[in-house]
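Following: one structure in structure tokens, then a few remarks.
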């Protein structure tokens, strides 16, 4: 039986907002290799969020307002690159997506395997 | 870790100790219900199937009834039959092979419903007495099978409750136990990801096969399930693609390899994580988990699905604070979506709650008696 090795269960918590430590989580990164976060509350454009992924600290300034349950980019995602959450590819960027930008159906298309 | 379970002759452990009053055909439902109502300690399983169906569906129904009877939560089984519906003796033999006591009443042979209720009640009372002598023992949690299901989902399901339940599944499987989830339509879009997680290429092919079969059934009715997802409502809620939607559902099974795929009504062999083919519709989906042998079910809900199952405790988990407040009489476990605890930490708490329920703690659905909403799925139509 072929055994496969999976990445460990990595999950990060966004703990800082506008430089102030917040007691409530504002967003979640479901797996370590994801390049996006999902909002756990309605977030305003301009808000600065600190993200800790695998002990790396990243700071993201929201370009767009992100409603609860919606996603925003943590990285510079180039056009045609993979958009990942749950550690898996859910689509590809149809345009360059900057950190803090809303990620949704208008800038993501189906990922077609080569 | 361990829980307190009822020992069974085949080495399994029950989390409950009922005598099952199982109707073998829809036409016998009332008699089965009357017996279950007359004899405290009985759990009723009624359904709308067992007659006027094509051979593969009849086999599916009989397989499911036999597997339900084998569930470790039943100390004994009384089959309630009309008489003309099919091989009740084969179902009896399959259940008896597990070593537990099993009996039948046949309405047409006994001369009607009244006589069947009288004879069935007599048999059931004796089995309840026998069952009452069985004591809970401390058993290793490797004897536990958790069934996993989500229903009436919302964005909190995929982002918080399902990943937390998945973490609980990982803990049980690491300890040698078993978890199983179904809902084949929910896998659509993520079947290639599940197949990649299969323990063998054959299991991977089977995952693709059950999804393709389910898709063909909807296509035959002129409905393109794949094309219709994510729905307009899903998109408004933030879901971008069918892959993302399905990932949010399958994350409830955790991160371990898929060790097998069961047909509806089959019981898996071995340990680890399993899939059972079947629908998402709740009374039929939960039946598949109980038939597979799950002694406890973790059920995540966003909007609030309230019901349980007659002889398997169903733990309702929600991460929607409004649902937890409004439907507190139905919700067992609250996941604080904005809390500081990681999904892994919450998953540990869910696992401990699962062991408590497995050891006898009553769920909300059990204390309400909101448990008699059951059916068996069939692949084809009724003739």
Identify, from the list B:270, B:280, the residue that is in a loop (DSSP other than H, G, I, E, B), in contact with a strand residue (DSSP E or B) (Cβ under 7 Å, 6 or more places away or on another chain) and surrounded by fewer than 24 Cβ atoms within 10 Å (Cβ to Cβ). B:270
Here is a check on your reading of the model: is residue A:80 surrounded by fewer than 19 Cβ atoms within 10 Å (Cβ to Cβ) and assigned to a loop (DSSP other than H, G, I, E, B)? yes
Only one of B:302, B:260, B:233 is within 14 Å of chain A (Cβ to nearest Cβ) and part of a loop (DSSP other than H, G, I, E, B). Can you tell me which? B:302
Residues in the range B:205-228: is at least one crowded, with 16+ Cβ neighbours inside 10 Å, out of contact with any helix residue (DSSP H, G or I) (no Cβ under 8 Å at 6 or more places or on another chain) and within 13 Å of chain A (Cβ to nearest Cβ)? no
For residue B:238, are the conditions met, namely being in contact (Cβ under 8 Å) with a residue 40 or more places away in the chain, closer than 19 Å to residue A:110 by Cβ, within 13 Å of chain A (Cβ to nearest Cβ) and surrounded by 24 or more Cβ atoms within 10 Å (Cβ to Cβ)? no
Can you say whether residue B:243 is under 20 Å from the mean Cα position of the chain (by Cα) and modelled with pLDDT under 95, as far as the supplied structure shows? no
Expected single match for surrounded by fewer than 24 Cβ atoms within 10 Å (Cβ to Cβ), under 12 Å from the mean Cα position of the chain (by Cα), more than 24 Å from residue B:172 (Cβ to Cβ) and at pLDDT 95 or above among B:367, B:374 is B:374
Within the range B:311-344, the residues that are outside any loop (DSSP other than H, G, I, E, B) and in contact (Cβ under 8 Å) with a residue 12 or more places away in the chain are B:314, B:315, B:316, B:317, B:318, B:321, B:323, B:326, B:333, B:334, B:343, B:344
Of (1) surrounded by 20 or more Cβ atoms within 10 Å (Cβ to Cβ); (2) within 13 Å of another protein chain (Cβ to nearest Cβ); (3) touching a strand residue (DSSP E or B) at 6+ places or on another chain (Cβ under 8 Å); (4) modelled with pLDDT of 90 or more, residue A:88 satisfies all except one. Which? (3)
Inside the range A:60-85, can you point out the residues that are over 12 Å from the mean Cα position of the chain (by Cα) and away from every other protein chain (no Cβ under 14 Å)? A:61, A:63, A:78, A:79, A:80, A:81
Among the residues in the range B:368-382, are any free of Cβ contacts under 8 Å to residues at least 60 places away in the same chain, in a loop (DSSP other than H, G, I, E, B) and within 14 Å of chain A (Cβ to nearest Cβ)? no
Matching helices (runs of 4 or more DSSP H) fully within the range B:1-120 where at least 3 residues are touching a helix residue (DSSP H, G or I) at 6+ places or on another chain (Cβ under 7 Å): B:29-38, B:55-70, B:88-96
Please go through the range B:241-255 and give me each residue that is within 17 Å of residue B:169 (Cβ to Cβ) and facing chain A (nearest Cβ under 8 Å), ordered by number. B:247, B:248, B:251, B:255
Considering (1) under 30 Å from residue A:68 (Cβ atoms); (2) under 25 Å from the mean Cα position of the chain (by Cα), say which one residue B:228 fails and leave the rest. (2)
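The values are calculated or read from the model by the stated rules, or taken from the named source; none is laboratory data. This one's a predicted model, so the numbers in the text were calculated from it and none came from an experiment. Virtual Cβ from ideal backbone geometry, glycine too; neighbours counted across all protein chains shown.
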